[in-house]
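As structure tokens, the structure follows; a few thoughts come after it.
Here, each number is a calculation from the coordinates, and none is a lab measurement. All values derive from a computational prediction rather than experimental measurement. Quick reminder, even Gly has a Cβ in these numbers, built from the backbone with ideal geometry, and neighbours come from all protein chains shown.
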Amino acid sequence: MMILGLSIFNMKMTVDPVSLLMVAMASLMFTGLGMIIARFVKDPDGADAAANVITFPMMFLSGSFFPLSQMPQFLQTIAQVLPLTYVSEGLRAAMIFGQPQQAIVNTAFITVLGVISIAVGSFITKWEED
């Protein structure tokens, strides 16, 4: 997506330490969420279904594809509890608008969620074979 934006639409992008930290912390957070989901799923087909139930609504409601301001108010309220909303806003602020100071709050929030999700995922994961 970034390559298309840079080459076709002449998009300007800045990669800075805040955006790199956001990517790392988002990876941590979503890994933890995956661990939590995996604890409750018994087979691979169930894992695909569970992942789709979570990821598709989050992608479309988080402001990744279009601005949250274009959504009805009740969907904006739902978007405010989705972690991908904070990842999208933080990366947009740091990489597109060149305002890493605005992304720091989102990065801190995602870092806290990442640590919590990894801790919960590690705690509830069975480490022995059934």
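Details
- Label-to-label distance for ASP43 and GLU128 is 2.6 nm, based on points extended 7 Å past Cα in the beta-carbon direction.
- Exposure proxy order (Cβ contacts within 10 Å, fewest to most) of VAL81, VAL23, VAL53, VAL87: VAL81, VAL53, VAL23, VAL87
- Cα-based Kirkwood hydrodynamic radius, the chain, one decimal, Å: 16.1 Å
- Efficiency of FRET between PHE109 and THR14 - r from beta-carbon atoms, R0 22 angstrom, step 0.05: 0.55
- Cα-based helix-to-principal-axis angle, 100-124 vs the chain, degrees rounded to 10: 10 degrees
- Helix 44-61 axis, angle to the chain major axis (alpha carbon atoms, nearest 10°): 30 degrees
- Relative contact order [Cα under 8 Å, 6+ residues apart], the chain, whole percent: 41 percent
- Of the trypsin sites (Lys or Arg not before Pro) found in segment 27-116, those in coil by DSSP whose Cβ has at most 10 other Cβ atoms within 10 Å are LYS42.
- Summing Cβ point charges (Lys, Arg +1; Asp, Glu -1) relative to the Cα centre of the chain gives a dipole of roughly 440 debye.
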